Amino acid sequence: MIKQFKQLAIASSVAAACLGAAIPAAQAAEEQFFMLPSYRVGPYGANGQSFYGGFIDYLSYVNQKGGIDGVQITWEECETEYNNAKGVECYERMKSKAQKAPGPIHTMSTGISYALVDKAAADKLPLAMMGYGLTSAVDGSVFPWAFPLVTTYQMQASAIIKFLKDKNAGSLAGKKIVYLYHDSAYGKEPILALEAESRLNKFDLVQIPVAHPGNEQGAQWQRIRQEKPDYVIMWGWGVMNMTAIKTAQKMGFPRDRMIGSWWAGSEEDTVPAGDAAKGYMSATWNVAGKDVPLIADIEKTVYGAGKGNLKDTSKLGTILYNRGVSAAVLSVEAIRAAQAKHGKGKAMNGEQVRWGLENLNITEARLKQIGATGLLPDVKTSCDNHEGSGKVKLQQWDGAKWVVLTDWIEGNKQLIHPLFQADAAKFAKEKGITPRNCAAEAKK
Amino acid sequence: MQFFFEVLIGGLLSGVMYSLVALGFVLIFKASGVFNFAQGAMVYFAALSVVGCMEKGAPLWLALILAFGIMTLLGIATEKFVLRKMVNQPPIALFMATIGLSFFIDGFAPLLWGNEVRPLDIGLVDEPIPWILDSYNIVVSKFDLVAAGLALALVALLALFFQYTRVGRALRAVADDHQAALSIGIPLQHIWALVWAVAGFVALVAGMLWGSRNGVQFALTFTALKALPVLILGGFTSVPGAIVGGLIIGASEKLAEIYIPPVLAGWFGGNFGGIEGWFPYVMALLFLLVRPEGLFGEKHIDRV
């Protein structure tokens with residue numbers, strides 16, 4: 001009996017010692033939490049599937065490589081169905097979990113981003129809007145918590161004009177360009193920039209809106225046929241893109257004179273359109289393909305270990321998958337930048353991650369280290385420039401894949417930046433916000 | 001003038017596409033008095049089933065048969081699990097049930113077949129007919145003409161079915177009064193299952209044409225939105241009404257989209273394009289005020 005008691009006591013002591021050792025270790029494990037208000041069902045589910053698949057695969061990849069300097073990444077998805085109300089609901093549900101150590105929030109929706117700009121600022125949670133969202137948030141003095149990273153709708157529109165100008169021996173004078181757009185905040189964002197470009201480059205701009213969801217565009221394309229434009233720039237999303245490409249075919253408008261925004265330039269838009277899409281062009285802030293070393297390594301490492309997020313591995317290397325990876329790369333780099341300043345190996349709080357996003361410096365050399373050369377442009381952010389790049393490439397659909405036509409093209413900064421700075425100043429005045437003094441902060 | 005006719009013809013042909021979706025609504029309403037909110041979802045499910053079967057290796061003809069089988073099963077299941085429990089319930093309860101059904105199909109269809117946007121090639125190219133373009137400089141699409149032909153054939157077939165067959169007459173009796181129809185020995189359950197299967201067939205035809213034009217994707221469910229003003233105009237119980245309503249809505253929304261915004265812009269400044277999203281509804285609303293039962297709808301008279 002005594003012997004049994006002794007054995008039990010020893011066993012209990014060993015177990016207690018083990019537990020005692022384990023508990024502090026568990027407490028010490030640092031984690032950075034990404035809330036992901038994503039969409040995988042609903043009208044734009046196919047697009048969200050690829051984007052968030054790529055995003056999560058990169059987070060898994062980083063974890064498999066040891067985390068962000070030892071800090072493991074965790075995440076939770078919440079289905080928004082690309083619906084603003086559901087997006088806000090997801091945000092409210094997850095924000096308390098994200099409060100301690102948040103990753104940048106990516107909604108992949110201009111509408112949801114608009115709804116979250118003020119909330120995220122109040123909750124001190126950084127909001128990323130890579131390639132979408134509120135253009136005037138480039139001005140970090142007014143929008144410290146919002147980051148329309150890489151490039152904005154207005155800079156993208158300007159870059160497309162630059163591309164067309166180069167195509168026409170440096171002048172668009174006397175040309176006619178139709179701007180066919182989704183009649184929503186997303187579609188209306190670049191109008192200011194296109195009007196400014198039209199005045200500067202003396203081309204005729206005809207604006208034609210398409211009512212949501214854009215699955216019927218007969219009247220719009222009849223008008224385009226009547227206008228006889230030299231080019232059509234299209235700001236579409238989802239079913240609108242394919243309908244536009246097919247209706248252009250029906251009206252006999254050449255597809256190689258149509259240029260879509262980056263939301264109108266994925267395989268989801270061109271593959272279902274079949275032969276009608278051949279020759280169609282679009283802007284993009286990331287390239288497609290698995291020949292980017294990082295994408296190939298994700299496939300080998302993450303999918304090799306059976307931890308891939310997507311069942312359908314044919315999505316790997318598509319435009320939207322690579323965009324999800326690119327968005328995750330910048331988010332992780334922001335946390336790395338924050339750690340470099342505030343302590344390596346520690347989970348970063350909202351303010352620290354915000355600082356990281358505002359002090360990104362992703363050079364060509366850094367992209368090479370990550371294995372992302374050519375995947376996305378170099379990015380350098382600051383207090384007064386939350387965009388950090390403003391560059392896009394132009395690509396063309398050859399009937400089977402996207403072919404890159406140009407190097408990175410930067411929009412006309414001198415023309416476009418004052419536009420959103422004025423808009424940001426107006427916003428600050430309306431809301432009674434005192435803008436930060438970026439120059440003074442830079443000196444500190 | 002040539003441009004006016006091009007817009008008019010384009011609008012009329014688009015209207016036929018709306019009519020195809022409206023037909024499904026009319027069928028179910030005519031036979032059961034239920035406004036089937038799930039018709040748009042059925043169009044999506046039918047088209048998705050065709051491409052799903054084709055991805056599994058079935059040729060188009062077999063995929064069509066299989067998809068029709070799936071839609072028939074859906075019809076039988078709807079009768080058995082939803083409608084049978086709700087015999088003689090107020091129309092609003094049945095309407096609510098179809099809203100539930102619509103959300104169920106929206107969620108179930110992609111679970112079954114995946115939610116990727118997929119092409120559907122039915123061998124029809126959506127290109128202008130060269131000789132019309134050369135002779136009159138008017139764009140008329142081959143695809144639109146075939147779609148119009150199909151819709152008209154379908155209407156003729158359904159009109160004959162309702163008017164001249166025993167089942168058709170039974171369907172009309174059920175629509176008038178569930179209990180009275182039951183009391184004279186009409187098998188309500190079979191009739192309802194049958195009409196849902198026929199509506200599934202109409203959804204399949206609509207799904208094939210819309211899916212071939214815009215790709216098979218979730219947005220096909222939005223086609224229902226295009227059918228609502230058509231129904232208000234044409235009447236909920238009239239098969240020819242669905243066609244006439246579709247033609248009026250299609251032509252008027254296209255003409256409105258082209259000719260009204262410049263006038264409004266001249267008066268108020270700004271851009272008023274994109275009105276075709278709401279214009280048909282305003283038109284239907286105005287029509288509703290004048291003729292609530294629609295152009296061809298049955299006038300409802302109650303004894304006091």
Counting other beta carbons within 10 Å of each Cβ, put B:Val167, A:Val392 in order, fewest first.
B:Val167, A:Val392
Compare A:Phe147, A:Phe203, A:Phe420 in a GNM of chain A, Cα atoms joined below 10 Å, and give the one with the largest fluctuation.
A:Phe203
For chain A, the percent of all C-alpha pairs falling in each 20 Å bin, from 0 up to the bin holding the max distance, is 25, 55, 15, 4, 1, 0
Of A:Lys300/A:Lys393; A:Lys167/A:Lys228; A:Lys124/A:Lys431; A:Lys391/A:Lys426; A:Lys311/B:Lys56; A:Lys124/A:Lys341, which ones are farther than 22 Å apart at the Cα?
A:Lys300/A:Lys393; A:Lys391/A:Lys426
If I model the stretch A:42-116 as equal point scatterers sitting on the Cα atoms and use the Debye formula, what is log10 I(q)/I(0) at q = 0.23, 0.24 Å⁻¹?
-1.14, -1.19
Along each of the three principal axes of the Cα atoms of the stretch B:129-202, give the extent in whole Å, ordering the values from largest to smallest.
63, 20, 16
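What is the fewest-to-most order of A:Glu81, A:Glu227, B:Glu79 by other Cβ atoms lying within 10 Å of their Cβ?
A:Glu227, A:Glu81, B:Glu79
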For chain A, the charge dipole (Cβ of Lys, Arg +1; Cβ of Asp, Glu -1; about the Cα centre) points to a positive end, and the Cα of A:Ala122, A:Phe203, A:Val62 closest to that extreme belongs to A:Val62
Label chain B by shape, choosing from rounded, prolate and oblate, from the square roots a ≥ b ≥ c of the eigenvalues of the Cα gyration tensor; if a/c is under 1.5 it is rounded, and otherwise prolate applies when a/b is larger than b/c, oblate when it is not.
oblate
Got the relative contact order for chain B handy, in percent, Cα pairs under 8 Å and 6 or more residues apart?
34 percent
Let me know the Kirkwood hydrodynamic radius for the stretch A:154-284, please, with Cα pairs as the basis and the value in Å to one decimal.
14.4 Å
Could you state, as a whole-number percent, how many of the C-alpha pairs of the stretch A:360-443 are farther apart than 21 Å?
51 percent
Dimensions of the stretch B:1-156 along principal axes (Cα, Å, largest first)?
60, 40, 26
Global size of the protein assembly as shown as Cα Rg and Dmax, reported in angstrom:
28.9, 110
Could you line up B:Leu124, B:Leu13 from fewest to most neighbouring Cβ atoms inside 10 Å?
B:Leu124, B:Leu13
Relative contact order of chain A (C-alpha contacts under 8 Å, at least 6 apart) in percent is 20 percent
Under a Cβ-Cβ cut-off of 13 Å, what is the net charge of the residues other than B:Asn137 that fall near it, where Lys and Arg count +1 and Asp and Glu count -1?
0
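Where a number appears in this text, it was derived from the coordinates with a stated rule and is not lab data. Because the structure is predicted, anything quoted here is derived from the model rather than measured. Using ideal geometry, Cβ is built from the backbone for each residue, glycine included, and neighbour counts are taken over all protein chains shown.
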